[in-house]
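Structure first, then comments.
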């Protein structure tokens, strides 16, 4: 639902109502950007661009099955279903990491995405709320996020982020120096994908599959265009992600459109503008 519809339903001062509805969606975006930009750096470097989209869709499939057997999509049981599916997908991707020389891992990731999407569509095909569920699965409902959900998600992401920070040298070596030997490589690959699955599962509940993917990939692509250093990439990605989220939420209010879809389009437009600007600056310098 768009911001203006909420504002009209509540009445009162437009500015105060606007800020009331905007603050928690924006804080949710802050939390999402913080962890997804980090994972995005790994995903871009590994060349597995669509792994986030695929894992998010697998998590959404678990949520769909929980919904079909009578559980609330925002409930704890649905979260367990979703997490179990995401972890299973993570294990599959970790195990197939070693076949890169024979079959690109992107092929496996694409197959998993296509099958899980089709399975979700089949699962809700006879449900009267099927179309609405598919829409919710894609763009989520970040506008209705609650303070409790933001706090719980932040705690989960903080735990994952702390784990990755403590063992950052191993994870950086896996992604950025993949040719170097790593002891117990499979174990660390499993830990990487398992922690990634936990993050994606929590994110899908808040903002849907598309926003999860776009926040992770676009901000990381922009950072990769700017610098080679991991620390600087993180900083640039965070700034881009927060700016894009803020612009997307404000634009959603101004033009009265769904926030999730608006943020996705905003990220895409910002990336196009940045690439064109870099080309123009480069052409001017060469001239």
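Within the set 235, 231, the sole residue that is over 24 Å from residue 137 (Cβ atoms), in a helix (DSSP H, G or I) and modelled with pLDDT under 90 turns out to be 231. Scanning segment 45-72 for residues that are surrounded by fewer than 20 Cβ atoms within 10 Å (Cβ to Cβ) and either touching a helix residue (DSSP H, G or I) at 6+ places or on another chain (Cβ under 7 Å) or farther than 24 Å from residue 152 by Cβ (or both) returns 45, 46, 47, 49, 50, 65, 68, 71, 72. Screening segment 121-177 for helices (runs of 4 or more DSSP H) wholly inside it with 1 or more residues that are modelled with pLDDT of 85 or more, touching a helix residue (DSSP H, G or I) at 6+ places or on another chain (Cβ under 8 Å) and crowded, with 18+ Cβ neighbours inside 10 Å returns the ranges 147-166, 168-176. Among the residues of segment 251-286, those identified as in a helix (DSSP H, G or I), touching a helix residue (DSSP H, G or I) at 6+ places or on another chain (Cβ under 8 Å) and over 20 Å from residue 213 (Cβ atoms) are 253, 255, 278.
The values are calculated or read from the model by the stated rules, or taken from the named source; none is laboratory data. Keep in mind it's a predicted model, so treat the numbers as computed, not measured. Glycine also receives a Cβ, built like all others from the backbone with ideal geometry; neighbour counts cover every protein chain displayed.
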